[in-house]
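Notes to accompany the following structure.
The values are calculated or read from the model by the stated rules, or taken from the named source; none is laboratory data. This is a predicted model, so every value here is computed, not measured. Positions of Cβ are generated from backbone atoms using ideal geometry, with glycine treated the same way; all protein chains shown enter the neighbour counts. To get the accessible areas, we keep the full protein, side chains included, count just its heavy atoms, and leave off ligands, DNA and RNA. Shrake-Rupley method; radii C 1.70, N 1.55, O 1.52, S 1.80 Å.
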Amino acid sequence: MKIIRNYFVVGALLMLCLPLGNVEAQQGGDVAVIVNTDNPVTSISMADLHKIFGGDKQSWGAFPAVPFVRAAKAHERDVLLSVIMKMTDAQFQDYWVKKVYSGTVAHEPLALMSTGMQLEAVRSQKGGIALMNAQDVKDGVKVIKVDGLAPGSAGYPLK
Amino acid sequence: MSRTFTMFAITCLLVATSYGQNSSSSDQAETIKLLQQEVEMLKTRLAAVESRQEQSPNGAQLVSATYTPAAAPAPAPAVQDNPAMQNFGLVKGIKFQGFGEVGWKANDHHAGQTPTFGFSNGPNGNFSIGDFDLFLTSRINEKTSVLAEMVFGESDAQSFDIDMERVLLKYDHNDYLKLSFGRFHTATSYYNSVFHSGKWLQTPVNRPLVVEFANDGGLLPTQAVGLSVTGKIPSGKLGLNYVFEYGTSDTIRPDINDREAAETDESNGNGITAGIYMKPDWAQGLDIGGSFYHDRLNPTDTGFHIGQSIISGHVVYTTPKFEFINEAFLIQHAVDGLRTFNTPAFYSLISYSVAPKWRPFFMYQYANANSTRVIFDDVALRHGPSVGVRYDFNSYVGFKTQYEHTFRRTPLSGINTVSTQLAFRF
């Protein structure tokens, strides 16, 4: 009887933990780097991502690099700020004000309100690049590797 | 005991069920989120179609002809042909930004000293609005843009001058070749290239004297009209960049000791600036570099021809929390090839954000010019510390307060200055 009771208790505790794990997975999924399908790039380094979203790399060589970012309170923006830029949202905005004012770039990355708009923007811009939850990626854009790793693989840095 | 276990188990079950319901709710939320995304995508497409319709006399036919479902996207049109992208502001339109300040300053210096930024010298102190800066950028196409900066600067007795600080037609061929034509801030110093006129951008109240704008008493030819070429140098993780400028400075400096003295028009010939700096991948925020500038001065009323050469070097490390800027200069004036005067100068600025809104700072600056020389006789020897704190109310408004002491060559006495500044952007 005692064994059954303990089994019941442990089972209940396990049931408690299971949904917690799911919630975490939903909030911390991999974030893919998407580019236009005409862009020949297949992989990018974290350092180059920092340069592109920081305005220090503005071309893919033959055509301009056009970064798009999500507006505040999106998982992709959190990953951009915490993993790539290592800044708070306010610091990121201040950084871009200074960057544009210095004259080295014409404008800050366009902040888009939804993944749908990001998809449209990257499809329309040959040099477009954006971060997007891997599960939200649809046809018409290309997912590139980061430091040689694809979303979903072990050690993938953008999550 | 067994009752306790049973109650605990039932509680766990109830909580687990509750989580299960949450999970179900989160699934629904995810579905709603996806539906919202689809709606937004359709709205975007509809906006594009409507824009085309407005441009076409036969718009109604275009609507049915151009609609495609989201799952099978149409081939990507060039951005110039995509009205939706134009509506996003990617191509057309002028973007304005502004910077302003309201300041108060008092010092123990005599009133005869030339006032700057609307401040008069003296212990009573006075308010000034300093520089009001309007900054605009506009993209012409993917590689070409325009940048302009106009400053309404307060001079004396609340009178204002308009200065076209920068106006540039820029063409960015790629990361390795970027051309700018027009009036620019010269690359004779790091500070001049990064901070420009907006006081909100800089941590202290004022610029160091050596890199102050020439029309406010600074020592460098801070502005020029001509051509600027910048870009990266293929160097891997070293991150080397170059800058080359050719232009006319036409520098006019006031005498910073005597408000009644005539300004010095240096009547510069065309000058060149060549610089190189590195921003390595392995140390984000580090910037090390230097530049060389040369032109020929023909100062008014002196009859001298002076060759001016300026060598500068900087070591800078900045992160969102930490700022460490060091620059050193050697300004050399060769008078008619007969005699050479050297003016060494440097400044060092360090600041650290001790709390999200508080940033104390310390700066030390030094400039040493020969008092008997033709140029910079008003500067002579000046050096001393500045210490203060900046408080940022938010990302738009910052308040700075600062104490500064300037030592001067005897018999001139030192100057104590207290200043505050409300700097903002909009």
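Among the residues examined, B:PRO234 does not qualify as closer than 28 Å to B:SER386 by Cα and assigned by TED's automatic domain parsing to the domain that holds B:ASP172.
Which residues, taken from the range B:130-149, are open to solvent by less than 60 Å² (accessible area, probe 1.4 Å), more than 19 Å from B:VAL102 (Cβ to Cβ) and not β-branched (Val, Ile, Thr)? If the condition is that a residue be open to solvent by less than 60 Å² (accessible area, probe 1.4 Å), more than 19 Å from B:VAL102 (Cβ to Cβ) and not β-branched (Val, Ile, Thr), then B:LEU136, B:SER138, B:LYS143, B:SER145, B:LEU147, B:ALA148, B:GLU149 are the ones that fit.
The single condition from (1) under 21 Å from B:ILE375 (Cα atoms); (2) in contact (Cβ under 8 Å) with a residue 40 or more places away in the chain; (3) open to solvent by less than 60 Å² (accessible area, probe 1.4 Å); (4) part of a loop (DSSP other than H, G, I, E, B) that B:VAL205 fails is (1). If I ask for residues that are under 18 Å from B:LYS400 (Cβ atoms), touching an Asp or Glu at 6+ places or on another chain (Cβ under 9 Å) and polar (S, T, N, Q), which ones from the range B:193-223 would you list? Residues satisfying the conditions are B:SER197, B:THR203, B:ASN206. Selection of the range A:128-144 for residues being over 12 Å from the mean Cα position of the chain (by Cα) and not aliphatic (A, V, I, L, M) yields A:GLY128, A:LYS138, A:ASP139, A:GLY140, A:LYS142.
Count of the range B:222-233 residues, restricted to those that are modelled with pLDDT under 95 and part of a loop (DSSP other than H, G, I, E, B), is 1.
Among the residues making up the range B:335-353, none is β-branched (Val, Ile, Thr), open to solvent by 70 Å² or more (accessible area, probe 1.4 Å) and at pLDDT 95 or above.
Restricting B:ASP172, B:ASP163 to those that are at pLDDT below 95 and more than 30 Å from B:ASN394 (Cβ to Cβ) reduces the list to B:ASP172. Among the residues here, B:THR264 does not qualify as in contact with a Phe, Trp or Tyr (Cβ under 7 Å, 6 or more places away or on another chain), over 22 Å from A:MET85 (Cα atoms) and buried (at least 21 other Cβ atoms within 10 Å of the Cβ). Where strands (runs of 3 or more DSSP E) fall entirely within the range B:365-426, those with at least 2 residues that are free of Cβ contacts under 8 Å to residues at least 40 places away in the same chain are at B:381-392, B:397-408. Among the conditions (1) in contact (Cβ under 8 Å) with a residue 60 or more places away in the chain; (2) of a type in the set (Val, Ile, Thr); (3) within 30 Å of B:MET150 (Cα to Cα), A:THR104 misses just one, which is (1).
Any chance you could count how many residues in the range A:44-57 are in contact with a Pro (Cβ under 7 Å, 6 or more places away or on another chain), under 17 Å from A:ALA111 (Cα atoms) and open to solvent by 10 Å² or more (accessible area, probe 1.4 Å)? Qualifying residue count, the range A:44-57: 0.
Only residues that are surrounded by fewer than 18 Cβ atoms within 10 Å (Cβ to Cβ) and either more than 9 Å from every other protein chain (Cβ to nearest Cβ) or not polar (S, T, N, Q) (or both) were counted in the range A:72-94, giving 8.
Listed by position, the strands (runs of 3 or more DSSP E) enclosed by the range B:116-170 that each have at least 1 residues that are within 12 Å of chain A (Cβ to nearest Cβ) are B:131-139, B:144-154.
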